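Comments concern the structure below.
We did not get these values from a lab; they are worked out from the coordinates using the rules stated. Model, not experiment: these values are computed from the prediction. Note: ideal-geometry Cβ built from the backbone for every residue, glycine included; neighbour counts use all protein chains shown.
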Amino acid sequence: MATYDLTQRMIPYLDRHLALPLLAHVSELSIFPAKQLQEAQYELARRTNMVDYSVSLFEQLHPSDEVPEEFGSKRSNVETTNERLQKEAQVVLDVIENPEVAQALRQDKMQNLNYLREKHNLTHEEINALYHFGQFQYTYGNYSGAAQFLYHFLVLSTDPELNLSAQWGKLASDILSGDWQTAKDELDRLREAIDNRSTSLVPAASAGVGIDSASSTALAQLQGRTWYLHWSLFVYFNHPEGRHALLEVFLSPAYLNTIQTSCPWILRYLAAAAVISRKTATSGRIRHAVKEVVRVVQMENYQYHDPITDFLKMLFIDFDFEAAQKELGEAEKLIENDFFLQNFKDEFLDNARYFISEAYCRIHRQIDIADLSARLNLSRSEGEKWIVNLIRDTRMGADAKIDLSRNIIVIDKPHAPVYQSVIERTRGLSFRTQALGVAMQRRAMGEAVQRGGGGDRRPRGDRGDRGAADREREQQQEHLVPPAPAAVEVA
Amino acid sequence: MSRFLRTAGEGSDDESSEEEEEELSDDDDDDEEKEEQKKVPGSRFLKGADSDSESEEEEKKVVKSAKDKRVEEIEACAKSMDNALKINDWVKISDDYDKLIRLVQRQVLVNEATPPLYIKTLVDLESSLNAALAKEKTASKKMQANNARALNAMRSKLRKTLKESEDQVKLYQEDPEAFERAYQAQQAPEVVPTPAVKAKKVRVELEDEEEGGDGDEFTTVGKGGKALSFTADQVLKTLAAVSEARGKKNTDRAEQSRILEKLAEAAGTTYQEIRVLLALISSRFDYNPMATFMPLDAWASAKGEIDQLVKVLMADPQYAVVEDVTLEYSDLDERAPTKEVPVVRIRGSVISFVDRLDDEFTRSLQNIDPHGQEYVERLKDERGLYETICRAQMYFEQKDEGESAARVAYRRLDHIYSKPDVLIQALEQGVVTAIPEFSQSPSSLSVTGSSAVLIDALCKQLYKSGQPFLRTRAMLSHIYHHALANNFETARDMMLMSHLQDSIHAADAGTQILYNRAVVQLGLAAFRQGLVREAHSILQEIFSTQRVKELLAQGLHQQRYGVILTPEQEKSDRARQMPFHMHINLELLEAAFLVSCMLVEVPTLASLDTEEQRRKAASKPFRRLLDYAERQVFMGPPEHTRDHIMQASRALQDGEWEKCRDLIEGMKVWSLIGNEKQVKEMLAQRIQEEGVRTYLFTFAPYYTTVSLELLSKTFSLSVRSVTSIVSKMIWNEELAASLDQETGVVVFTRTELTRVQQLAQALADRVSNLVESNEKALDAKLGGGPEARGPGEGGKTGERKEGGATGAGGERRFDRTRTQRTGAARTGTGFRGERFSQGLGNNRVGGAQNAGARTRVAA
């Protein structure tokens, strides 16, 4: 399974401290030589201020050797620095913990700064002390403390560079202290910061320095997003709502581009998340998520593929159920070993089976139960149970029947009459036309036109595309809870 | 003509008319030239072509006895005037006078001093004219009418001439003896002339003299005798004189080059050598500006001299050739590095020499017949040129001149980007043998390892350079090379990430051509890798313009639609043509395009019911050819590529995939594609698959069930892959059917639509089209457009890409999302169609029309 292990690819994009749990996980799996892993862990820890941890790792690694002296001096060093920084930070902390001050603080950071400077003689340097102390605490593993100080710093500081750095620090601290809700909030803020960074910096750059700085901002942004993609995995696969958020963020064009450009392996998690969250999300959007993921997977197949992406490819592009089944078996093993996905094995398998059977049922009209069970990696009786549940749970119920005498499922799908498709196609046209009229009227009145950004208003391509879109809607009609008529979306 | 004339001329003597004599002497000169300059072949042809300009020929007389001949002519003329004066025949005098003036003017033209005889004649004439006039007044008997008229005309003419050469006349009148002596002094070779005449003339005279004199001395230098007599001072002086004459109307360029060559041998110091080389190389390039390309021998020597120059400069870092020298210096001073000025800067530009050399090479290739031996011979020079370029690159890198290094790196890239690995290896090998140090240079193949890495290194160097022009070119060359090496995905990603589609229209024609070439090569790469849909969509863009040749600069614009090019446009078109060896084979290209058309469009056509839908679905070029093939009453055996593909398409339509495969595989053009066997295998497999699809589409209405086994047998595919194909069609709702697992058949559930139902659907389609176009129009009017709709759009566009029902589905997928890759800013912009640069058409009347048509296609 070592071939599918992503640890090595991911570590360059992670923080030292974030990489440690990954390594710890990998060392449990014994797919890599233990010795190498220990060395790697030691190397990681040595540069941090977690002296005791490093020493213990060193002792594991070289049981017979003397512990190097550097650790002794480092320890005393760390202690003195810690005291010094704490003293500095305490000054600020004393001020802001004063209830009077806490009340006086407002949203406006500038104003807060002025207030603090006037009333309590707090300077920029002193506030920065919060940052330094937070950072220092982080380096020796006091994550919750670090998170706390960085939080205070973020509230007060206006320095954009330090703020960004503090945000990353805060996120890492939250992740490592396992505070998923805060971490998720922090993620959202961080994403905003990354995305806005370009818009705020680019005009300035293009005005003055020209192409180079503009492209370097773009580069910084790309890097920021790449980090984001990696760091956020910790949160998204631990937070209860995480998978949906992951799909939402990762499938947004900017992040999808980043995945395609700099880290295609993230596709594994994207694909897994898309499969896992089939049941839980509103079904329409997730169906699109899977489709979108399949499209990207196909496009990036030359760069990256693993059993999970191959599973989707086999199922939805090649329609090779046998191969899909094989990939699913591989994927199962992979998920067991994956740091992020290990807790989702059952969910993944369940949903993957659902996908298979759905595709199977749409294509076939008579299915041998034994065959389907085999496709799903289930035994005969399990398979039957599964199929009954499937029929019961989904809207296929009306169409599919099990014929036990012949051991088959018979699916009798009535096809939509022509009239229905004509109605589908013309539905909402009058409303859209009305909307046009209203928009023109408003324009005539000189108002700023607020157009509803409904999906149906997008400019469409040639006939082929539209045909696809229409079919799309028909499919929804057929298989899912009937969506609101298209026209309603155009507010 | 010359031969006959000469024999005639030899018979006759001095009496022969002057024009004849001139021509004669031309011919003589020519012949002498030939004998004298056998070592310079080639130039003779040029001379022949140029002989009507005359200037050159006349110059030959300067060094020959023709000079004396002319003086004699003048004397003869003066004499006959004298005689006429005696009999008072003013008509004859007037004629002679005109002739004399002409002769003298010629003398001036060739930079020779007018003999004093001329002035003397003028003075004499004036006095006798005055006398004649006086006599005329007093004389009782009038002159003959025409004689009198001639006299009067003569008077005004003479007055004018005298005014022109007033100073000389004055000089002469003051002291005729001294005047004579001054002239003699000028003519005498050893004596340095005194500034007797105009200052300008002195200089010219000096040059002439040294030309003659140096010539003699240089031959002795060759023997090793008097080399020391050439002091530095003299070399520089001569150089100054030569450069003074440069660009003047009647300067003999060949002669100048020869002098400079000899000077280069004689140069004593590095400084002199550099200066002389600089002058020599420019004079080589100046040699014949009117010719279509530089004579090959001149090119070869220029190349050698550039090499030498670079070598000298590299060996001696105390000297530098730079374009802008801040320090003013005199051309005549010898300069050497001193403590204050450690580096001597000399005005000049090595990079422009290299550029020019390369351009001339391309021009010669453009103009030599590509099917002749000469072309091959010429192509062999590329190796040497490549060496020169590499040498220059080393020099610039050593000097750390970023901009020039980038330019020369681009030149280098330009030579290798379209070549396969083997050729690049050979070129690089040649460089290393010629310049051993080169193997240590960071950009040599031995350091970079493989040619792909070499190109990568060169391109990266260019990306870092600040010049957008070079960056674009480098990017395109890089893409081209990736595509050539079958790295389709990489090339495609680069193409889309560069966002060149958006800006290519504003680029210069050369870049547009390169863009077109890169795109076409990308299409071929996709084809080779079996990505038929991608290949189809990429190549369609260029084939729908029907100007493939022109867009790739592999042929001239066809005169159509009454668009007539001005000669200048035609000339610039011609100058942009790709040399033959860099051409992309058009037949192969067409074969790739048509085959991918066939594979994509035949099933699509089969899936559509109505004729109208079909008309819309197929791409025009393919559709037209197919229609034409269908109209044929009798089909002969296929002869060329198109025939093959058309017959194959028909076979595919009929479900005869084996015939189709045999026809396609029988095409000879595949031998050019590289991995022939692989491509053929890929094509065979594709034909099988598309055959199944076409078969199902075409014959579904006539069956209720079809057994999968039968399908697999008919098309020689495994049951598994047939199942996969059918499943895909069902999933995508291309086919109204379902599989029956138990019996292993496809059950068709298709319903025939009645006419009314069809019409109802069509109506519904149209109405929704109408609403959409209204919305679009409103959007456009109100501003904002798709971007205003917010970032959600990007995600949404994705949903409708899964269609795949039409040929468009797949190709869109390729383009649309990729365009957005890195661009954070360009989220949500709908894909605007991969644009083909209009290339050459842009600056033309016809270009506008075409562009308009193309936008419609893209929209």
Quiz item: Using the Kirkwood formula over every pair of different C-alpha atoms, what hydrodynamic radius in Å results for the stretch B:368-466?
Solution: 13.9
Exercise. State the Cα centre-to-centre distance between the stretch B:502-552 and the stretch B:733-758 in whole Å.
Key: 40
Quiz item: What's the long-distance tail for the stretch B:586-702, i.e. % of Cα pairs beyond 16 Å?
Solution: 58
Quiz item: Which one of B:ASN675, B:CYS660, B:LEU594 is farthest out on the positive end of the charge dipole of the stretch B:586-702, using unit charges on Cβ (Lys, Arg +1; Asp, Glu -1) and the Cα centre as origin?
Solution: B:LEU594
Quiz prompt | Cleavage-rule hits (trypsin sites (Lys or Arg not before Pro)) in the stretch A:270-354: DSSP loop, at most 15 neighbouring Cβ within 10 angstrom | solution = A:LYS279
Practice problem: List, largest first, the extents of the alpha carbons of the stretch A:3-137 along their principal axes, each in whole Å. | Solution: 60, 38, 21
Practice problem: Report, in debye and to the nearest 20, how large the dipole of the stretch B:586-702 comes out about its Cα centre when Lys and Arg carry +1 and Asp and Glu carry -1 on their Cβ. | Solution: 240
Quiz item: Taking Cα centroids, how far is the stretch A:129-186 from the stretch A:48-116 in Å?
Solution: 12
Practice problem: For the stretch B:666-755, state which chymotrypsin sites (Phe, Trp or Tyr not before Pro) are in a DSSP loop and have at most 15 other beta carbons lying within 10 Å of their beta carbon. | Solution: B:TYR703
Exercise. Would you mind computing, in nm to one decimal, how far apart the modelled labels at A:LYS333 and B:ASP324 are, each placed 7 Å from Cα along Cα→Cβ?
Key: 6.8
Quiz prompt | Computed over the stretch A:286-334, Kirkwood Rh from alpha-carbon pairs, angstrom | solution = 10.7
Quiz prompt | Where GluC sites (Glu not before Pro) fall in DSSP loop in the stretch B:623-704, at most 14 other Cβ within 10 Å | solution = B:GLU639
Practice problem: Return the subset of A:LYS313/A:LYS333; A:LYS291/B:LYS776; B:LYS620/B:LYS781 for which the Cα-Cα distance in this structure is over 21 Å, preserving the input order. | Solution: A:LYS291/B:LYS776; B:LYS620/B:LYS781
